[in-house]
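These notes concern the structure reproduced below.
Values in this text are rule-based calculations from the coordinates and carry no lab data. Because the structure is predicted, anything quoted here is derived from the model rather than measured. Cβ sites come from the backbone with ideal geometry, for glycine too, and all protein chains shown count toward neighbours.
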Amino acid sequence: MKKLNVGLIGYGFMGRTHSNAFRKVNNFFDLPYQPVLKAICARDGGKAKAFAERWGYESVETDWRRLIERDDIDLIDIATPNNTHAEIAIAAAKAGKMIMCEKPLSMDGKEGEKMVQVIKKAGVPNMVWYNYRRVPAVTLAKQLIDEGRLGRIFHYRAKFLQDWTISKDLPQGGAALWRLDVKAAGSGVTGDLLAHCIDTAIWLNGSIGSVTAMTETFIKERKHNLTGKVEKVGIDDACAFLARFNNGSLATFESTRYARGHKALYTFEINGENASIAWDLHDLHRLQYFDYRDEGRVRGWRSIHVTDGDQPYMKNWWVPGLQIGYEHTFIHQVADFLEGLDNKKPAHPDFRDALETQYVCDAVLKSAKTRKWEKVSKLK
Ligand code: SOE
């Protein structure tokens, strides 16, 4: 097994999910590479050191440029706020490093295009952490669709609902709350939550051609953690949009951080000519499936408990019937990335795939302003 030295930038929530994945992947998957937690980089040296001790990183850097210069780093993992992805990824690619980048790829499509160009030129393996594709039940949905079981697709319906920003006293900005600061995040729920829904949707149902959207910012001003001043809120707190897929199907997407009672309710349902499927993150190991071709007397929605060895990823885990969770999706992502390095079948979503999601986000945010249907830019 070849060693693959990882340099992680950022130690927040995502730094933890990624580190856990790098640490565990070889315990469960037979792979050509073994990730080595070589260095963690963050501006706050004390916090980075504490993170290194907890997760087993061998060294600490406080300047990401220095990390990228290091000869002993093979892969740069970007787990920092959205406004830093482009600069770091471009520098890492130019230095010949492999890159795994947290979602969304960039602040907008224009920035994403630059990243894709540089990555292509550098020819370095790359991936974006849209982890929900690798929930076994979601991967099973992909298999069923690709096998043609649903037939022609008519409808795609997705939601991602949260409730953690309802309080008007919650500040914006800074380490824990940069998702509320438009300068760091680029957008609100569109780039943070709908981007997940869009990534899964494109993967399952193909490209989106046009959208019409509405957004709202319910709390207009919040204290900024970095300036101490009350400042305008620039993010979308909620967003709903209609979409037309290029395969002719119609879609609705909705996301908000103001759905009291919902913490991370990502759901989707797809209705085809022969069959429908539905999935719910709060019950992530189950896939709901209805097949019209079943014998009429016993026809109905089946709740498939996706935990058996012949279902995606599950042979690598426990015994049939025992389920896995959120953190495993990141482990699957690393496993597929490492596998793809040797078999020359790069894992997805790569930067280019993530750019397509960015184009949809751009069209959604534009439509919310123009109040018109907007075309989604096509990938070149
Ligand atoms: C926001 O609360 C968030 O953590 C997103 O940033 C993640 O991408 C999503 O998976 C869960 O919610």
### Query
Based on the alpha-carbon gyration tensor of region 316-376 and its eigenvalue square roots a ≥ b ≥ c, which shape applies: rounded if a/c is under 1.5, prolate if not and a/b is larger than b/c, or oblate?
oblate
### Summary
GNM on the chain, Cα springs under 10 Å; top mean-square fluctuation among R297, R66, R149 goes to R297
### Message
Just to verify a number: FRET efficiency for K110 and R297, C-beta to C-beta distance, R0 = 41 Å, to 0.05?
### Response
0.15
### Query
Taking square-rooted eigenvalues a ≥ b ≥ c of the alpha carbon gyration tensor, is region 69-193 rounded, prolate or oblate, where a/c under 1.5 means rounded and, failing that, a/b exceeding b/c means prolate?
oblate
## Note on the structure
Listed by chain and number, the lysines with an alpha carbon less than 21 angstrom from that of K220, same-chain partners under 8 positions apart left out, are K168, K183, K229, K232, K366, K369
### Summary
Computed over region 2-130, the relative contact order (Cα-Cα under 8 Å, seq sep at least six) in percent reads 23
### Query
Under 19 Å Cα-Cα from K47, which lysines qualify once same-chain neighbours fewer than 8 residues away are excluded?
K38
### Summary
Calculated from DSSP helices alone, with each H run of at least 4 adding -39500 (n - 2.57) and the total divided by the residues of the chain, [θ]222 nm to the nearest 500 comes to -10500 deg cm²/dmol
### Query
Translational D (Stokes-Einstein, µm²/s) of region 132-374 at 4 °C and 1.567 mPa s when Rh comes from the Kirkwood sum over C-alpha pairs?
67
### Task
Taking the Cβ of each residue in K103, K168 as the centre, tally the other Cβ atoms inside 10 Å and list the residues starting with the fewest.
K168, K103
### Query
Expressed as a rounded percentage, what relative contact order does the chain have, with Cα pairs under 8 Å and six or more residues apart?
19
## Note on the structure
The size of the Cβ-based charge dipole (Lys, Arg +1; Asp, Glu -1) of region 302-380 about the Cα centre, to the nearest 20 debye, is 720
### Query
Roughly how many debye, to the nearest 20, is the charge dipole of region 2-130 about its Cα centre, given +1 on each Lys and Arg Cβ, -1 on each Asp and Glu Cβ, and no other charges?
100
### Task
Give, rounded to the nearest 20 debye, the magnitude of the charge dipole that region 197-262 has about its Cα centre when Lys and Arg contribute +1 at Cβ and Asp and Glu contribute -1 at Cβ.
260
### Task
Of the options L161, A141, Q311, report the single residue whose Cα projects farthest towards the positive end of the charge dipole of the chain (beta-carbon charges: Lys, Arg +1; Asp, Glu -1).
L161
### Query
In region 132-374, with Lys and Arg counted as +1 and Asp and Glu as -1 at Cβ, which of these residues, T252, I235, G296, has the Cα nearest the positive end of the dipole, that is, farthest along it?
I235
### Message
Restricting to Cα pairs below 8 Å that are 6+ residues apart, what does the relative contact order work out to for region 138-193? Please round to a whole percent.
### Response
16
### Summary
Contour minus Cα-Cα span, R260 to F154, at 0.36 nm per residue, comes to 35.1 nm
### Message
Please compute the modelled spin-label separation between E216 and L170, points set 7 Å along Cα→Cβ, answer in nm with one decimal.
### Response
1.6
## Note on the structure
Protection proxy (average C-beta count within 10 Å per residue), highest first, orders 334-347, 3-16 as 3-16, 334-347
### Summary
Computed from the beta carbon distance with a Förster radius of 41 Å, FRET efficiency for L226 and D283 to the nearest 0.05 stands at 0.60
### Query
What is region 293-335 by shape, rounded, prolate or oblate, if you read a ≥ b ≥ c off the alpha carbon gyration tensor as root eigenvalues and call it rounded for a/c under 1.5, prolate for a/b larger than b/c, and oblate otherwise?
prolate
## Note on the structure
For 189-200, 44-55, 135-146, ranked highest to lowest by mean beta-carbon neighbours within 10 Å, the order is 189-200, 135-146, 44-55
